[in-house]
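Accompanying notes for the structure given below.
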Amino acid sequence: MELTRQDAAFGIAVINRTSKLLASAVRLGKEGVIREALDEEISYSQLANSIIAYVEEDPDPLLFEQLMMLANTEPIRDYLSIHRTGLLAARIREVADATDKLVAFGNEMFRKGSGEYGNLVPFFANPQAKELFDRAVNAGLLKKDYQPAPGVARFQLKLIAIAIHTILDYSYRDKWCHFAEQWGDDVHRAMIPFTKGVPINQIVRLYPEVALWDKVIPENEGKFFKTDFSEAQAKFLFTGLMRKGYFGHHTSFDSFLSILGMGQAAFTPLNWIDRGYNSLIYFIKEAFGEMNPDYLLRICDCFTCNGKQITHSSLKTRSSYVYRNKDKWDFVPVIDNIIDKARKK
């Protein structure tokens, strides 16, 4: 059906209202409320096609920018993943499909009409954001279309995002979602490995307005063991400890890296499953004690022992006992051998 401008504006309002009512109704899960949100006399798919046909002839931002603001259909899709069959499900799906089609069309029209901002999502289509993205392009971290360049790590994208949203003072609500839309990746989930000083400093220098190191040092940074082990040596160390049964079977190497301030995994304490604290104290002091004079405190932060929390008082009295009786412990040569071989890797 052919629409006038007034018809197109009214049609957009109808789909906007229906999609938002439906998104709210499916959260309640009540069929009666869902049916009330739908108009049986409207073909939503046909209406969407007619709106697109009109806007293509009259590409007025006042129209297509409204399409970009239609409801998020994610709750509707979640509902349909459970209620897949039947006439009601078919009608709900028609609304979701029409809405998503119009949103995609609106975004496409925006990019066509936005010239130099065409490769940025609408939220970033402004001179201030573009200039900040352009810095990363000029540094070779992003391609000309503002997508990640080959070889760029996710944690580097996270740093770029932190710098941009800090400089532009975005609200918490806008902190990550638009970067995920721009890059197709939830980069906020990436852990920043603080052993990677060179690639981190590359981004620090790009955005001198931000005290980026202060922004990204994690709250639990003080819990990490400082170490001169490389990641390859840490891998050998971890493998040796696993083979000798000091960690549970489901302990991951990434989790081990997290207590050394490396890798991508979130910081989480590890469970030491030997008979007691003695072997744990000995291992930590021999492997990391030279760089961590407070290693007993860090053991409390980074480990449990047989599933139980470790207290500093229990370690303090035990540590001197371990070393006074070093010759009697069967774990000493085993741990010494693991550490020695790891250092030679």
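The values are calculated or read from the model by the stated rules, or taken from the named source; none is laboratory data. Keep in mind the model is a prediction, meaning the values are calculated, not measured. For neighbour counting, all protein chains shown are included, and Cβ atoms are generated from backbone atoms with ideal geometry for every residue, glycine included. We work out accessible area using only protein heavy atoms, side chains counted, and drop any ligands, DNA or RNA first. Shrake-Rupley method; radii C 1.70, N 1.55, O 1.52, S 1.80 Å.
Please state which of the following conditions residue 188 fails to meet, knowing it meets all the rest: (1) open to solvent by 30 Å² or more (accessible area, probe 1.4 Å); (2) touching a Leu at 6+ places or on another chain (Cβ under 9 Å); (3) assigned to a helix (DSSP H, G or I).
For residue 188, the exception is condition (2).
Could you run through segment 50-64 and say how many residues are exposed (fewer than 15 other Cβ atoms within 10 Å of the Cβ) and part of a helix (DSSP H, G or I)?
5
Of all the residues that make up segment 330-345, how many are surrounded by fewer than 16 Cβ atoms within 10 Å (Cβ to Cβ) and closer than 12 Å to residue 284 by Cα?
1
Take the residues in segment 6-25 that are among the charged types (D, E, K, R) and closer than 23 Å to residue 80 by Cβ, then tell me which one is surrounded by the most Cβ atoms within 10 Å (Cβ to Cβ).
20
For residue 70, indicate whether it is of a type outside the set (S, T, N, Q), within 35 Å of the chain's Cα centre (by Cα) and crowded, with 18+ Cβ neighbours inside 10 Å.
Considered against the rule, which asks whether it is of a type outside the set (S, T, N, Q), within 35 Å of the chain's Cα centre (by Cα) and crowded, with 18+ Cβ neighbours inside 10 Å, residue 70 comes out as yes.
Does residue 40 meet the test of being within 17 Å of residue 98 (Cα to Cα), out of contact with any Pro (no Cβ under 6 Å at 6 or more places or on another chain) and not in a helix (DSSP H, G or I)?
Judged against the criteria, residue 40 is a match.
Quick one: which helices (runs of 4 or more DSSP H) lie wholly within segment 77-167 and hold at least 2 residues that are open to solvent by less than 30 Å² (accessible area, probe 1.4 Å) and more than 30 Å from residue 203 (Cβ to Cβ)?
The helices (runs of 4 or more DSSP H) meeting that bar are 87-113.
Going by the structure shown, is residue 116 among the acidic types (Asp, Glu) and modelled with pLDDT of 80 or more?
It is false that residue 116 is among the acidic types (Asp, Glu) and modelled with pLDDT of 80 or more.
Which of the residues spanning segment 37-49 are at pLDDT 85 or above and open to solvent by 70 Å² or more (accessible area, probe 1.4 Å)?
46, 49
Looking at the structure I just gave you, is residue 153 out of contact with any Asp or Glu (no Cβ under 7 Å at 6 or more places or on another chain) and in contact (Cβ under 8 Å) with a residue 60 or more places away in the chain?
Spelling it out, it is not the case that residue 153 is out of contact with any Asp or Glu (no Cβ under 7 Å at 6 or more places or on another chain) and in contact (Cβ under 8 Å) with a residue 60 or more places away in the chain.
Hey, any hits in segment 149-164 for a residue that's in contact with a His (Cβ under 8 Å, 6 or more places away or on another chain) and among the small types (Gly, Ala, Ser)?
yes
Return the residues of segment 223-259 that are open to solvent by less than 20 Å² (accessible area, probe 1.4 Å), among the hydrophobic types (A, V, I, L, M, F, W, C) and either farther than 22 Å from residue 200 by Cβ or modelled with pLDDT of 85 or more (or both); say none if nothing qualifies.
225, 229, 234, 237, 238, 241, 247, 256, 257, 259
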